[in-house]
1. If r is the Cβ-Cβ distance from ALA205 to LEU160 and R0 is 22 Å, what FRET efficiency results, to the nearest 0.05?
2. Taking amide H positions as placed in the peptide plane 1.01 Å from N, state which residues far from LEU339 in sequence (5 or more) or on other chains have amide H under 5 Å from it.
3. Could you calculate, for segment 18-65, the ratio of the Cα radius of gyration to the Kirkwood radius, expressed as Rg to Rh?
4. In nm, what is the difference between 0.36 nm times the number of residues separating ALA226 and ALA148 and their Cα-Cα distance?
5. Please give the Cα centre distance for segment 243-274 versus segment 281-330, rounded to the nearest Å.
6. Let me check I've understood the local charge: for ALA99, count other residues with C-beta under 15 angstrom from its C-beta, Lys and Arg +1, Asp and Glu -1. What total comes out?
7. Add -39500 (n - 2.57) for each DSSP H run of 4 or more in the chain, then divide by its residues: what number comes out at 222 nm, to the nearest 500 deg cm²/dmol?
8. In square angstrom, rounded to the nearest 10, how much accessible surface does ILE196 have for a 1.4 Å probe?
Amino acid sequence: MIILGLESSCDETGVGIVRLDSDGYMDILANEVASSMEQHARFGGVVPEIASRAHLEALPQVVRAALDAAGIGKPDAVAATVGPGLAGALLVGASAAKALAAAWGVPFYGVNHLGGHVAVANLEGQKLPHAVALLVSGGHTQLLEVDAVGKPMRELGTTLDDAAGEAYDKVARLLGLGYPGGPVIDRLAARGQVTIALPRGLSRAEDLRGERRYDFSFSGLKTAVARYVEKAEREGVVVSVEDVCASFQEAVADVLTAKAVMACEDTGARTLLLGGGVAANRRLRTLAQQRCAAAGVELRVPPLELCTDNGVMIAAVAAQLIHEGALPSGLACGTDTQLEVETPLVDGVRG
Ligand code: KG4
Ligand code: ZN
């Protein structure tokens with residue numbers, strides 16, 4: 001059975017195609033992604049209206065390229081992200097996917113974007129055991145407890161303000177480094193030293209004791225970087241951009257990995273799955289590797305093209321659900337910008 005997945009919740013237009021065999025294993029047949037990132041660069045962050053229009057323009061070519069790469073005329077099922085994400089962006093992708101499903105006469109599955117980030121762990125003959133997932137991108141910062149791919153997940157914590165990638169983008173902007181901020185900060189940090197004491201959000205003993213134990217906050221960190229730079233400029237002190245980047249990056253990686261490993265220990269999960277665009281960060285990977293090894297936890301980081309938003313992850317979550325006998329969503333299935341992690345598959349009204 002061949003499943004096409006369509007992702008459009010943020011600025012990537014992704015179409016992926018996977019083959020599901022009767023044992024439940026999945027192979028990737030195509031993974032085509034177009035990004036509108038460059039169109040957002042001068043605004044320093046994703047502009048929803050621009051993203052929606054870019055999806056509309058890119059979709060026909062991306063679908064065509066994926067079908068050609070897979071060497072098929074049509075799939076046996078179509079899946080699309082129906083949430084969470086940007087309202088207009090979700091609508092464009094989900095509408096296109098339903099139209100394709102109707103035209104091809106195949107079932108439609110409306111799936112959860114975050115479930116997709118976890119589902120890539122089940123590709124190419126692998127199975128994800130009980131795990132904690134740390135999903136970090138420009139749009140999300142989530143610590144989830146996962147029983148298996150396609151199962152409802154439990155949100156342990158999330159960010160109270162900026163997403164991790166958003167924090168990178170905002171700090172890069174205030175340092176005049178351009179957009180997206182993650183890759184350039186990662187590069188500069190490698191040449192700097194951690195010399196500046198910066199706050200670790202929600203990491204005091206009372207935060208760790210309370211209901212904020214697994215939550216994150218990056219806005220205080222961003223403000224602390226801004227204050228440091230302003231003060232240095234006022235006093236005529238030369239700022240080492242490399243040191244600022246290294247210190248900022250250390251604060252982000254420290255909090256993310258400390259809370260993720262804590263979540264593994266508390267839930268008894270022996271596997272930590274890292275996903276989202278920030279999973280590309282070298283310091284985050286190194287620190288996660290060290291702390292997981294010390295705690296006896298296996299760290300899984302999928303290949304980067306599967307960590308960032310893509311259509312394969314959406315096809316993969318649908319494939320898992322189909323393998324377990326899930327019924328399709330109706331074509332009346334709506335989009336939901338705030339879709340909860342407890343809902344892997346959104347059901348519509350069946351005719
Ligand atoms: O998953 P993604 O490609 O797109 C969405 O946010 O949906 O993630 C993009 C985010 C951006 O905020 C970018 O600055 C960040 O991931 N990013 C990084 C790195 N590469 C990309 N952050 C830290 N270090 C990196 N090497
Ligand atoms: Zn994502």
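The values are calculated or read from the model by the stated rules, or taken from the named source; none is laboratory data. Please read these numbers as outputs of a predicted model, since none were measured by experiment. Quick reminder, even Gly has a Cβ in these numbers, built from the backbone with ideal geometry, and neighbours come from all protein chains shown. Side chains included, ligands, DNA and RNA excluded: accessible areas come from the protein's heavy atoms. Shrake-Rupley method; radii C 1.70, N 1.55, O 1.52, S 1.80 Å.
1. On the way: r = 18 Å, r/R0 = 0.82.
Efficiency, rounded to the nearest 0.05: 0.75.
2. GLY85
3. Numbers: Rg = 15.5 Å, Rh = 13.0 Å.
My calculation of the ratio gives 1.19.
4. Numbers: separation 78, 0.36 × 78 = 28.08 nm, distance 4.13 nm.
Once the chain is fully extended between ALA226 and ALA148, it gains 23.9 nm.
5. Segment 243-274 and segment 281-330 have Cα centres spaced 16 Å from each other.
6. Local net charge: +3.
7. Details: 12 runs with 150 residues, N = 351.
Per the formula, -13500 deg cm²/dmol.
8. Number for this one is 20 Å².
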